[in-house]
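Enquirer: One structure, as structure tokens, below. Some questions next.
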Amino acid sequence: MDFTISEKMQTILGMVTEFVQKELIPLELDFFSKPLAAMEPILQEKREMVKKMELWGPIHPTEYGGMGLNLMESALMYEAMGVTPLGLYCFGTQAPDAGNIEILHQYGTDEQKEKYLRPAIEGKIRTCFSMTEVQMPGSNPTMLETTATKDGDDYVINGHKWFTSSADGAEFAIVMAVTNPDAGPYMQASMILVPTDTPGFNRVRNIPVMGHVGEGYFSHAEILYQNCRVPQKNLLGPEGHGFIMAQDRLGPGRIHHCMRWIGICNRAFDLMCARARDRTIAPGKTLATKQIIQSWIAECAADIQAARLMVLHAAWKIETVGKKEARNEISMIKYVVPNVMQKVIDRAIQVHGGLGLTDDTVLSHFYRHERAARIYDGADEVHKVSLARRLLRGYEGKKVR
Ligand SMILES: Cc1cc2nc3c(=O)[nH]c(=O)nc-3n(C[C@H](O)[C@H](O)[C@H](O)COP(=O)(O)OP(=O)(O)OC[C@H]3O[C@@H](n4cnc5c(N)ncnc54)[C@H](O)[C@@H]3O)c2cc1C
């Protein structure tokens, strides 16, 4: 495998890293302590700067003003942007918008594209994705209870969702609802575009997560759909194809998540090493002279390197042989990388002592907010079970000596 990074990407990554260091990292402490409303104008200013630098929307199509990078290229850019919690938002590629944009681009009608896709890519509106339900296991989406029933020219949606990230202030939701209850388990649900000002779209609250209620883009909402009526032309893609469409976006989406998490690992690792170097623990002795700290540093460096190579390999496999053939690699990275990230952040906090628990560094933010990585987009256990099942299938009737 060739690990060379093209000249074009070297230039882009250099620009991203410089921007993140100079323009975004200095905003972090304010971001942790001030209301989002106070931060929005300055974040919008940074977003405009990114657009002028032509670094906006790395994975979005060029005809809509994105960069149109391929998977390997965008993976590297996610790593560079991921070192700060403000990175993806300021480069116009934050979840859930990025995934929703991909779905709209692939399946939207011309009318849907003009109304929803274009302004979403341009960063003029935000979006959300509403699938997980309060009463049903998100790990088994064939058990959805939310229904979309046809009535005249409309769908009438009823259901109780939560963890609809960024619904606060979003223009529309892509709602996953059962339209075909008599079809097979994977052909029952559809994706439907629901403007958030539709009567019956009731945002109950932003859910407190790890001590933070959040607001605007940085929040997760509980939503009650109560006789929420939208025209049938708001169906996205074919009826009953909701799962197929959701599966379709998951492979590349997981590469991007994982590379953002590698970016977080890199940041936590840098902070850990710098603190170990600078913290005097006894006269003339810094933390970096202690073998136990050296061992953590060596372990974390190797773990990050191994995880990073696994992700890049999975991306390469998706690009060369396709998502289906790369299923095992995609499953593996989805549980390996979050666990490496959790370990690296935890070690970095430990090296910082009490300081690590304060909001004076980014570490406590990462610790609180990135724990979720082991749960969303398939919990660790779900990926492990399905990977093991596939691997064991290869041993059926096989002689092993
Ligand atoms: C921060 C955050 C943001 C999110 N954003 C969104 C969003 O924007 N839109 C959206 O629709 N959803 C979102 N989600 C929801 C997320 O997709 C679900 O939480 C996830 O799918 C798990 O579903 P659940 O919470 O119902 O857990 P459950 O399905 O009840 O699972 C609970 C636990 O059971 C175990 N488990 C489950 N299945 C198996 C199995 N087969 N074998 C062994 N163990 C198993 C796992 O340990 C799992 O963590 C978000 C979640 C979080 C935490």
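Enquirer: Checking Arg347 against (1) within 22 Å of Asp278 (Cα to Cα); (2) surrounded by fewer than 17 Cβ atoms within 10 Å (Cβ to Cβ), which single condition isn't satisfied?
Expert: Just one mismatch for Arg347, condition (2).
Enquirer: Just one of (1) within 25 Å of the chain's Cα centre (by Cα); (2) touching a residue at least 40 places away in the same chain (Cβ under 8 Å) trips up Pro231, so point out which.
Expert: Answer for Pro231: the failing condition is (1).
Enquirer: Further question on the same structure: Could you figure out which of (1) over 18 Å from the mean Cα position of the chain (by Cα); (2) touching a residue at least 60 places away in the same chain (Cβ under 8 Å); (3) not in a helix (DSSP H, G or I) isn't true of Lys324?
Expert: (2)
Enquirer: Hey, another quick one. Quick check on Ile304: is it out of contact with any helix residue (DSSP H, G or I) (no Cβ under 8 Å at 6 or more places or on another chain), among the hydrophobic types (A, V, I, L, M, F, W, C) and part of a helix (DSSP H, G or I)? Spell out the reasoning first.
Expert: Working: out of contact with any helix residue (DSSP H, G or I) (no Cβ under 8 Å at 6 or more places or on another chain): no; among the hydrophobic types (A, V, I, L, M, F, W, C): yes; part of a helix (DSSP H, G or I): yes.
It is false that Ile304 is out of contact with any helix residue (DSSP H, G or I) (no Cβ under 8 Å at 6 or more places or on another chain), among the hydrophobic types (A, V, I, L, M, F, W, C) and part of a helix (DSSP H, G or I).
Enquirer: How about the stretch 151-165: which of its residues are touching a residue at least 60 places away in the same chain (Cβ under 8 Å), in a strand (DSSP E or B) and either farther than 29 Å from Gly123 by Cβ or within 14 Å of the ligand (Cβ to nearest atom) (or both)?
Expert: If the condition is that a residue be touching a residue at least 60 places away in the same chain (Cβ under 8 Å), in a strand (DSSP E or B) and either farther than 29 Å from Gly123 by Cβ or within 14 Å of the ligand (Cβ to nearest atom) (or both), then Asp151, Asp154, Val156, Asn158, Gly159, His160, Lys161, Trp162, Phe163, Ser165 are the ones that fit.
Enquirer: State all residues of the stretch 317-344 that are β-branched (Val, Ile, Thr) and surrounded by 15 or more Cβ atoms within 10 Å (Cβ to Cβ); if no residue qualifies, say none.
Expert: Ile318, Ile330, Ile333, Val336, Val337, Val340, Val344 - these are the residues of the stretch 317-344 that are β-branched (Val, Ile, Thr) and surrounded by 15 or more Cβ atoms within 10 Å (Cβ to Cβ).
Enquirer: In the stretch 118-139, which residues are more than 6 Å from the ligand (Cβ to nearest atom), open to solvent by 60 Å² or more (accessible area, probe 1.4 Å) and within 17 Å of Trp162 (Cα to Cα)?
Expert: Gln135
Enquirer: Another question, then. Report every pair of residues separated by at least 6 positions or lying on different chains whose Cβ atoms are under 7 Å apart, first residue within the stretch 166-195 and within 13 Å of Ser130 (Cβ to Cβ) and away from the ligand (no atom under 12 Å from the Cβ), second in a loop (DSSP other than H, G, I, E, B) and open to solvent by 40 Å² or more (accessible area, probe 1.4 Å).
Expert: Ser190/Glu239; Ser190/His241; Pro195/Glu171
Enquirer: Search the stretch 360-401 for residues being open to solvent by 60 Å² or more (accessible area, probe 1.4 Å) and acidic (Asp, Glu), and hand back the single one that is farthest from the ligand (Cβ to nearest atom).
Expert: Across the stretch 360-401, the extreme among qualifying residues is Asp360.
Enquirer: Also: Output the qualifying pairs, or none if there are none: Cβ atoms under 6 angstrom, residues six or more apart or on different chains, first residue in the stretch 368-388 and more than 23 Å from Ala268 (Cβ to Cβ), second residue open to solvent by 20 Å² or more (accessible area, probe 1.4 Å) and near the ligand (Cβ under 8 Å from one of its atoms).
Expert: If the second residue must be open to solvent by 20 Å² or more (accessible area, probe 1.4 Å) and near the ligand (Cβ under 8 Å from one of its atoms), the pairs left are Val382/Ser139.
The values are calculated or read from the model by the stated rules, or taken from the named source; none is laboratory data. Because the structure is a prediction, the values reported are computed rather than measured. Positions of Cβ are generated from backbone atoms using ideal geometry, with glycine treated the same way; all protein chains shown enter the neighbour counts. For accessibility, only protein heavy atoms count, side chains too; no ligands or nucleic acids. Shrake-Rupley method; radii C 1.70, N 1.55, O 1.52, S 1.80 Å.
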